[in-house]
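Data block below; observations after.
Each reported figure results from applying straightforward, stated rules to the coordinates on display, with no laboratory input. Predicted model only: the values in this text are computed from it and were never measured. No Cβ is skipped: glycine too gets one built from the backbone with ideal geometry, and neighbour counts run over all protein chains shown.
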Amino acid sequence: VYVATDPFTKGTSLSGTRAVWLQAALVWAHPYRNGRLPVDEQLLNPDLDGVEIFTSNHSVAENSRALFDWHRLRFIAMAGTDTHGSQYAGTYPTIFDHPLRTIQELASELRLGRCRPFFKEIPHSGANSQVTEVIIGAKGEKETRERIIIRSITSPRKWKSAERAATIMAALADSSFSEKRFRVPLPIGIDVERMTLIEQGVRGKSLFDKILAASPEDGRTYLELTARWLGRLHAARLAVTPAAEFAEREPDRLEHYLSRFTAIDHGHTERAQGIRDAILVGEQQLFDSSSELVQGHGDFHPKNVIIGQDNQENRETLFAAAIDFESSLMLPPAFDVGTFLAQFRNQFFSFPEILARLPEDIFLDAYAAEAGPLSRDFIGQVELFRGRTNLSIASYLIKVGMGESEDLWRVLVEAERALLHFRQQSPV
C-alpha cells in the first residue's frame, strides 16, 4: 500500500483498504509465490492498481507464469523486490514513463498505469514452438541480469522430445556442465499443462558468428574451446537414454533422408541410395564390434554452440555452451565429431580463408586432449559419420528447394569420399 501513513488492522479487506486510502496505490505483491495460481478475477480486481509479476519472492517458473498471465489479461504490471538487503535493490526494477520526486507521485503514476516491468522480450524462431528470450533489469558494471528462455511447444510429439532434452540437460548440469568454461542452459521449470519449458538464457553468440568476426588467434581459441566441450561430454561417459535407441532409430532416419530424393525423383537418387546403404553397412560393423556408446549431443555443429564471456574485461571468463539436445542419444563418440567436422566445412564453405586457417587438426587435437586416448579406428569412424552428415545435409538442401544446386552435388561427393576413407581405415 503506497502512501499509507497509518497502520491498519491485519485482515482488512482490499475494498476496505481502498475506502480508507483513496490516494494510495494498492499493489498485489508476489501473488504466485509458493506455487499459487491466482484466478483471473483476482488479477483483474478493480480495487487493485497493479500486480507484481517479477519479484525475487517468485521462482523463475513463477515469474514466467506471471508474465504469461499479464500478456493474456493485460492488467497493470510491475516488478519489485523486498529490500531485505541493499544487494537486492534494483534486481527487478519497474520503469515509469515520467520522472518521480515523491512517494505521492509514485502512487499517482501507479494508479494511472504509467509504468511497467523493466525487461526485454525477444522472440526467436523455432519449429513447432514459440521461443521467447526474457532479459530482466538493467545492465550494470557486470552482466548480472536474469535471462530466461521460454519455449512454448505446440505439438504433443515435439513436447515429448523437448521434455526428453530437458532431462538430458539437467543430467549434464549435474555433471559439471553448469558453470565455468563448459556449460549447458540450466533447465529451470516445466509446465506440463501449458507445454512450456523454461531454461536459463546463455549470453553470447554462436560459434559460427564468433568465428566469422574473429581474428585468427581468437578463432582458434573458440574452436579449441568447442572441441574441449565435446571432449568433456564424451569423457563424462553419461548414460541418460537407452543404449539400443540409436541402432533402433537409425534405419528410419536414413530412410527419411533418402525419401527426399525419391519423392521428387531426383537425378541423384541412386547415388544417395548407395551412400545410405554404405552408411548402414558401416554402422552395422560398429554395432557388431560392440563399439563404445556415450551420451552424445546428436546435432553438434557451429550454430548449436554458444561462445560467451562473463566479464568482458577478463578473458579467463570465456566459456562454451552447447544448446539443442533434442537429438541426443547414446552414440559412438565419433558420431558427434564427424557431424561437427562435416557441418563446419559446409557452413563455412563460402569462407575458404576461414577453412584454411582453421584446419580440422585443431579441433581433433583439442578434442583428444579432453576426451582421453582415442581408439585405433576412431578417425575411420569419424569419416563414416562425416559421410552420414553429408547425406543429411543433401536431404536438407532438397527440403529448402536447393536440390539442383552445386552444394548438393558437392556434399554427395564429399559423402562418398568420406565413406571411402572409412573403408580404407577400417580393420580388416
Hits in the range 344-358: amide N under 11 Å from the 7 Å Cα→Cβ extension of Asp407, namely 346-350
Once the dipole of the chain is set up from charges on Cβ (+1 Lys and Arg, -1 Asp and Glu), the residue from the list Val60, Pro187, Ser289 lying farthest towards its positive end is Val60
Of the residues Phe344, Ser15, Pro99, the Cα lying farthest along the dipole of the chain towards its positive end, which is defined by charges on the beta carbon of Lys, Arg, Asp and Glu, belongs to Ser15
Describe numerically, in nm with one decimal, the distance between label points set 7 Å from Cα along Cα→Cβ at Ser161 and at Asp277. 2.9 nm
In whole Hz and in residue order, list the ³J(HN,Hα) couplings for the range 92-108 that follow from phi through the Karplus curve 6.51 cos²θ - 1.76 cosθ + 1.60, θ = phi - 60°; x for Gly and Pro. 10, x, 10, 9, 9, 5, 10, x, 10, 10, 9, 5, 5, 5, 4, 4, 5
Going by the alpha-carbon gyration tensor, a ≥ b ≥ c the square roots of its eigenvalues, is the range 286-428 rounded (a/c under 1.5) or, if a/c is not under 1.5, prolate (a/b greater than b/c) versus oblate? oblate
By the scheme Lys and Arg +1, Asp and Glu -1, what is the net charge of all other residues having a beta-carbon under 13 Å from that of Ser56? -3
Are there GluC sites (Glu not before Pro) in the range 358-419 that DSSP marks as loop and that have at most 15 other Cβ atoms within 10 Å, and which are they? Glu404
Which angle from 0 to 90°, rounded to the nearest 10, does the C-alpha axis of helix 333-347 make with the longest principal axis of the chain? 80 degrees
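So which trypsin sites (Lys or Arg not before Pro) in the range 324-428 end up in coil per DSSP with only 10 or fewer other C-beta atoms within 10 Å? Let's see the in-between values first.
Values: sites: Arg345, Arg357, Arg376, Arg386, Arg388, Lys399, Arg410, Arg417, Arg423; in loops: Arg376.
Hits after loop and neighbour filter: Arg376.
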Taking a ≥ b ≥ c as the square roots of the eigenvalues of the Cα gyration tensor of the range 14-117, is the shape rounded (a/c under 1.5), prolate (a/b larger than b/c) or oblate? oblate
What number, rounded to the nearest 500 deg cm²/dmol, is the helix-based mean residue ellipticity at 222 nm of the chain, given -39500 (n - 2.57) per DSSP H run of at least four residues and division by all its residues? -14500 deg cm²/dmol
Using alpha carbons only, how many degrees (0 to 90, rounded to 10) separate the axis of helix 406-425 from the longest principal axis of the chain? 60 degrees
Could you tell me which chymotrypsin sites (Phe, Trp or Tyr not before Pro) in the range 327-428 are loop residues by DSSP with no more than 14 other beta carbons within 10 angstrom of their beta carbon? Phe349
I want the local charge near Ile198. Using Cβ-Cβ distances under 13 Å, sum +1 for each Lys or Arg and -1 for each Asp or Glu among the other residues. -2
Quick calc, the chain, dipole around Cα centre from Cβ unit charges on Lys, Arg (+) and Asp, Glu (-), nearest 20 debye, gives 640 debye
Please work out whether the chain counts as rounded, prolate or oblate from its C-alpha gyration tensor, where a ≥ b ≥ c are the square roots of the eigenvalues and a/c under 1.5 means rounded, while otherwise a/b larger than b/c means prolate and anything else oblate? prolate
